[in-house]
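Please read the structure below before turning to the comments.
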Amino acid sequence: MNRAFAGLFLAVAVAALASTASPQTLLTQNFSADPSPHYFAGKYIVYATDDQNNSGKYWDSTSWRVLTSSNLTSWKDHGPILPANIFKWASADAKAWAPEAFEHQGKYYFFAPVGGKQIGIAVADNPLGPFVDLIGKPLVETPRDANAGDEPIDPAVFRDQDGRVFLYFGTRVPKVVELSADLKATVGAIKNVVVNNFPAKTGYGEAPFLHQHNGTYYFSFSTGWPGQIVYATGASPLGPFTYRGVLIDFLQISTNHHAIFERDGKSLLFYHDKVLPGGGDHRRSILMTELAYGADGSMQIPAPKPLFRDPVYDGAADPAIIYDDAEKKWKMFYTNRRANVPGLSSVSWVHGTPIGVAESLDGRAWTYRGTVDFPKDIPNTNGTATYWAPAVLKHENTYHMYLTVVPGVFEDWKHPRAIVHLTSANLKQWKYESTLKLASDRVIDAGVLRLKDGTWRMWYNNEPTGKSMYYADSKDLYNWTDQGSAHLPHDRGEAPLPFSWKGKYWLLTDLLGNAGLGAYRSDDARTWSRQPHSLLDKPGKGADDQNGGHHPEVVISEDRAYLFYFVHPGVPDNKRSSLQVTELKLVDGWLTTDRDAPTYINLKP
């Protein structure tokens, strides 16, 4: 909950999160954190740390906020109605950190870490209070209680099926202790919670939470500062638990704190992040999103909308995604259009563009990692060069990139552009190999696929021929022979993206404007049939998804196909662009997608 870290900034629009079609719901415009969600007395209630009234420099608020809703969509912020001074034994400046609430025998109990060394318990007849101190002293305190740990904070309460109630808490080492039937005391010794099979460099940090689903106990927590929310499963509320995976990756702030809420067959995940203007490590915002379970009991949350916005120029476009075997992360290379730079005339903002890099463990949560430092010997890149539309693949032990290069910054589309070939051993340092000899001196947007016979085929856009698709063949990825027109059904477009799935070759193209994507199917990657309907041609309802989709990328994982694309949100954001993801389906032999449906993505290498 409370540690400092200089995190990377990834801008997210408040309006995006407030969209009804977005997988995330922003609960309040006031800063708040460490959510504890419940359904009490006929309404949904979230108890939270009050970041709105802290100093903005530390987690030094002295009260807790309460939010209520009748429908999980519209939330009322009741403000900081629970002060830390309800515990008279606490110091006058005691900090009010991550709270917990619990309904028991007709009353409402409030568990509060006060000052970092104690957990108090208060009680009320109404979930909104007023609350009074239940026992007149800390329920848990260090060093008074053996094995309470250095910081008994972040309480979480769980009632098992046999009626026993357990309290989880602690930093660095997770703790659990049973509570008495009247909740006024602990029963037995405070025990350490054991989690087995942690990956390397991963461990427990803080924010423990326990819930049960379909007979399995799920123990989830933050790994530190900064931290991921990870989870483990077991057969008992006391453990031991076996590590299963990441639920929320590293955020843009130094803390990660969550809670899971289940009612009437719906599973929801509450957490905090940096969302509102002025937000940061000490000014956080509470979000809610859907939670799903796989057939194997794994937990997953949907991809956010937008999936990614570039924090520098806010013009992310043309994504290309590949798995980094050394770092065991997915890397995304993308064109970074200079959307937010003032004073750029005509189309010069689409020139002078670097290639941005983001990374992800699962394809759902992406973190900005900078730009590619290309070698200086790429022809025509002296001064300010323009880089567009990378296509990246790995063959044997070498990564290959086919990159569009424009020799400068221009205010029209009439200037030369070429596709160059680069190689790398690590996706960081790149070597210039060659400039491809293709159909003209104005070619862009390479898309490369290995064919069934082991050779390679590249499709690209030949601009002088009405922006039609051409192709070239290679046996080794270094030497290419241009084959002329791809003879697609006549669609003006660009950004050809080939992939193989469900026994067929597929080719997607950007139809320009906001007409979405054309889709083509083939048995031999030479003769193509145009799909009767386009993809992403109808505006979506999600945040930043209200226009046609552009420049596709497809990643196949465990025979599921995920379509990445970029969108211009529209007036007044006709330059800004965001990346999105949706899952492709095969229906009656053709590709379909519902861009408004939640996308549960967990890419495997």
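Shape of region 549-592 from the C-alpha gyration tensor: prolate (a/c of 1.5 or more and a/b above b/c, with a ≥ b ≥ c the square roots of its eigenvalues). Around the amide H of Gly120, modelled in the peptide plane, lie the amide H atoms of Ala112, Val114, Leu139, all under 5 Å away and 5 or more residues distant in sequence or on another chain. Among the listed values (i) 51, 23, 22; (ii) 39, 28, 25; (iii) 36, 29, 23, the one matching semi-axes √(5λ) of the Cα gyration tensor in Å as calculated from this structure is (i).
Once the convex hull of all Cα atoms in region 308-593 is built, its volume per residue stands at 126 Å³.
Rounded to the nearest 500, what is the 222 nm mean residue ellipticity of the chain from helices alone, with -39500 (n - 2.57) per DSSP H run of 4+ residues and division by all residues?
So the calculated ellipticity at 222 nm is 0 deg cm²/dmol.
Taking all Cα pairs closer than 8 Å and separated by 6 or more residues, the relative contact order of region 24-300 comes to 15 percent.
The heavy atoms of Glu558 offer some 140 square angstrom of accessible surface to a 1.4 angstrom probe.
Applied to region 299-311, the Karplus parametrisation 6.51 cos²θ - 1.76 cosθ + 1.60 on θ = phi - 60° returns per-residue 3J(HN,Hα) values of 9, 7, 10, x, 5, x, 10, x, 5, 7, 10, 6, x Hz, with x for Gly and Pro. Once the 1.4 Å probe is applied to the protein heavy atoms, the chain comes out at 38 Å² accessible per residue.
What's the local net charge at Gln580, with K and R +1, D and E -1, over the other residues with C-beta under 10 Å away? Surrounding charge for Gln580 is 0.
Structural size metrics of region 335-482, computed from C-alpha coordinates, are Rg and Dmax of 15.7, 51 Å.
Remark: accessible surface ordering of Lys305, Lys604, Lys95, Lys57 (largest first) is Lys57, Lys604, Lys95, Lys305, probe radius 1.4 Å. Sequence-ordered 3J(HN,Hα) estimates for region 581-595 from the Karplus curve with 6.51, -1.76 and 1.60 and θ = phi - 60° stand at 9, 8, 9, 7, 10, 10, 10, 6, x, 10, 7, 9, 7, 10, 5 Hz, glycine and proline given as x. Per-atom-type breakdown for the chain gives carbon and sulfur 49% of the accessible area (1.4 Å probe, protein chains only). Using a/c under 1.5 as the rounded threshold, could you call region 24-300 rounded, prolate or oblate? The axes a ≥ b ≥ c are square roots of the C-alpha gyration tensor eigenvalues, and prolate needs a/b larger than b/c, oblate otherwise. Rounded shape, in that the Cα axes give a/c under 1.5.
Using the average count of surrounding beta-carbon atoms within 10 Å as a protection proxy, the listed peptides 446-455, 179-188 rank, highest first, as 446-455, 179-188. Computed over region 195-343, the P(r) tail beyond 28 angstrom holds 29 percent of alpha carbon pairs. The length gained by stretching the chain between Ala146 and Lys57 to full extension, at 0.36 nm per residue less their Cα-Cα distance, is 28.8 nm.
Measuring r between the beta carbons of Arg263 and Asp588 and using R0 = 51 Å, the FRET efficiency lands at 0.85.
Were the residues from Leu128 through Ser500 laid out at 0.36 nm apart, the gain over their Cα-Cα distance would be 128.3 nm. Ordering 401-413, 246-258, 165-177 by mean Cβ neighbour count within 10 Å, with the highest value first, yields 246-258, 165-177, 401-413.
With contacts taken as Cα pairs under 8 Å at a separation of at least 6 residues, region 367-455 carries a relative contact order of 27 percent. The 3J(HN,Hα) values that the Karplus relation (6.51, -1.76, 1.60; θ = phi - 60°) gives for region 257-268 are, in residue order, 9, 9, 7, 10, 10, 10, 7, 6, x, 9, 10, 10 Hz. Gly and Pro appear as x. Can you classify region 196-284 as rounded, prolate or oblate using the Cα gyration tensor, where a ≥ b ≥ c are the square roots of its eigenvalues, rounded means a/c under 1.5, and otherwise it's prolate if a/b beats b/c and oblate if not? It comes out oblate by the Cα gyration axes. Here the relative contact order of the chain, from alpha carbon pairs under 8 Å that lie six or more residues apart, stands at 10 percent.
The values are calculated or read from the model by the stated rules, or taken from the named source; none is laboratory data. As the structure is a computational prediction, the values presented were derived from the model and not from experiment. Glycine also receives a Cβ, built like all others from the backbone with ideal geometry; neighbour counts cover every protein chain displayed. In case anyone asks, the SASA skips ligands and DNA or RNA and just uses the protein heavy atoms, side chains included. Shrake-Rupley method; radii C 1.70, N 1.55, O 1.52, S 1.80 Å.
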